[in-house]
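Student: Take a look at the following structure, please.
The values are calculated or read from the model by the stated rules, or taken from the named source; none is laboratory data. All figures in this text were calculated on a predicted structure; none of them were measured in a lab. Counting neighbours? That spans all protein chains shown, and the Cβs are built from the backbone with ideal geometry, glycine included.
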Amino acid sequence: MIFKICFLHAHSLIDTMSFMNNYAQYYNKAYEKLTPDWFDNTLAVDAYIERNRKTLIEFYEDYSKQFNFPQKEYSSLEVLDLGCGLGGVSQYFAHKGAKVTGVDVSALAVSFAQDLARSKGMAIDFKVLDLSRENVATGEYDLVIDSHLLHCISGRNERENYFKFVKDSLKDEGLFLLETMVFQKQFRTPVGYSMDEDWTLFKEEIPIRKVLPGIELEEEIKSSGLEISYLYFHAELSFEVFEEYKDYPHQNLPQTARLAAKLNKS
């Protein structure tokens, strides 16, 4: 296997801007691969959802036990799921009795999520929303959880829009939970991928992920006006970001950061 770190220069800004203008279209195409026959296979759908939400649910449950969250009944808990996709994380909280809103840039994903929730008898409010753009908050929530969305947003202004939305969506004592990929010194890109000097990962010419070093992620969140209350870099948990390389070395993949934050009131 051939892998390396390759830094791009002049064309990356143009490519990033072009991609962000077609963000929704790009992710709709990803969901177009899911056929009606696939959805008819309930076991396959449930396995897919479980696989995609597994580490997020583990993170939430570990955090919940360690910090006694929530300190109220789930029936009175309001949850916002960012980048909800097919709604796996939303379903988890709805099953516990919470009032859940899920948002995603892909109208197709939202349509699928609505159908899946209805099939399980769950009343979840799914909305189409591009968090890379300026948005008015859909409400205020006790818990805002990122379903692996932030690292899909690569532009600086777009990420600022994202964090503004997060802040506007939190109640005074609300909690923001984030599980995201971060750069680590052994990270390498295989053939067909490259990374620019702004930590944007490209697949050919398309910016697909932001893989910041941990310290830069921490600084970004603090500068957004959020106060970090918990931060852990999970060395043994990596993101399998290179789809074509199923057996890519674990040590050469992005590392996982788990973070909790609240509004900075100072």
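Student: Scan segment 200-217 and report the pairs whose first residue is over 18 Å from Glu179 (Cβ atoms) and whose second residue is among the basic types (Lys, Arg) and not in a strand (DSSP E or B), with Cβ atoms within less than 9 Å and a gap of 6+ or a chain change.
Tutor: Going by the 9 Å Cβ cut-off, there are no qualifying pairs.
Student: For segment 217-241, give me each residue that is surrounded by 15 or more Cβ atoms within 10 Å (Cβ to Cβ), assigned to a helix (DSSP H, G or I), in contact with a strand residue (DSSP E or B) (Cβ under 9 Å, 6 or more places away or on another chain) and not hydrophobic (A, V, I, L, M, F, W, C).
Tutor: Glu218
Student: Continuing with the same structure: Answer yes or no: is there a residue in segment 48-58 that is touching a residue at least 24 places away in the same chain (Cβ under 8 Å) and over 21 Å from the mean Cα position of the chain (by Cα). Give the derivation first.
Tutor: Let us first name the residues in segment 48-58 that are touching a residue at least 24 places away in the same chain (Cβ under 8 Å), namely 48-50, 52-53, 55-57.
If we keep only those that are over 21 Å from the mean Cα position of the chain (by Cα) too, we end up with none.
Within segment 48-58 (the criterion being touching a residue at least 24 places away in the same chain (Cβ under 8 Å) and over 21 Å from the mean Cα position of the chain (by Cα)), the answer is no, since none of the residues qualifies.
Student: Hey, another quick one. So, in segment 74-93, how many residues would count as being closer than 18 Å to Tyr48 by Cβ and in contact with a strand residue (DSSP E or B) (Cβ under 7 Å, 6 or more places away or on another chain)?
Tutor: Result for segment 74-93: 7.
Student: Name the residue that is modelled with the lowest pLDDT, counting only residues in segment 25-60 that are among the hydroxyl-bearing types (Ser, Thr, Tyr) and surrounded by 15 or more Cβ atoms within 10 Å (Cβ to Cβ).
Tutor: Across segment 25-60, the extreme among qualifying residues is Tyr26.
Conditions (1) more than 19 Å from Leu149 (Cβ to Cβ); (2) touching a residue at least 60 places away in the same chain (Cβ under 8 Å), marked per residue:
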{"residue": "Val191", "(1), (2)": "yes, yes"}
{"residue": "Glu219", "(1), (2)": "yes, no"}
{"residue": "Leu226", "(1), (2)": "no, yes"}
{"residue": "Val241", "(1), (2)": "no, yes"}
{"residue": "Tyr248", "(1), (2)": "yes, yes"}
{"residue": "Ala257", "(1), (2)": "no, yes"}
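Student: With Asp198, Asp168, Asp247, Asp172 as the choices, which residue is acidic (Asp, Glu), more than 17 Å from the chain's Cα centre (by Cα) and part of a strand (DSSP E or B)? Quick ask: steps written out before the conclusion?
Tutor: Working: Asp198 fails: part of a strand (DSSP E or B); Asp168 fails: part of a strand (DSSP E or B); Asp247 fails: part of a strand (DSSP E or B).
After applying the criteria, what remains is Asp172.
Student: List the number of the failed condition for Ser75; all other conditions in (1) modelled with pLDDT under 95; (2) in a helix (DSSP H, G or I) hold.
Tutor: Of the numbered conditions (1) modelled with pLDDT under 95; (2) in a helix (DSSP H, G or I), the odd one out for Ser75 is (1).
Student: Do you know which of the residues in segment 223-245 that are closer than 18 Å to Ser194 by Cα and among the charged types (D, E, K, R) is modelled with the lowest pLDDT?
Tutor: Among those residues, the one meeting the criterion is Glu243.
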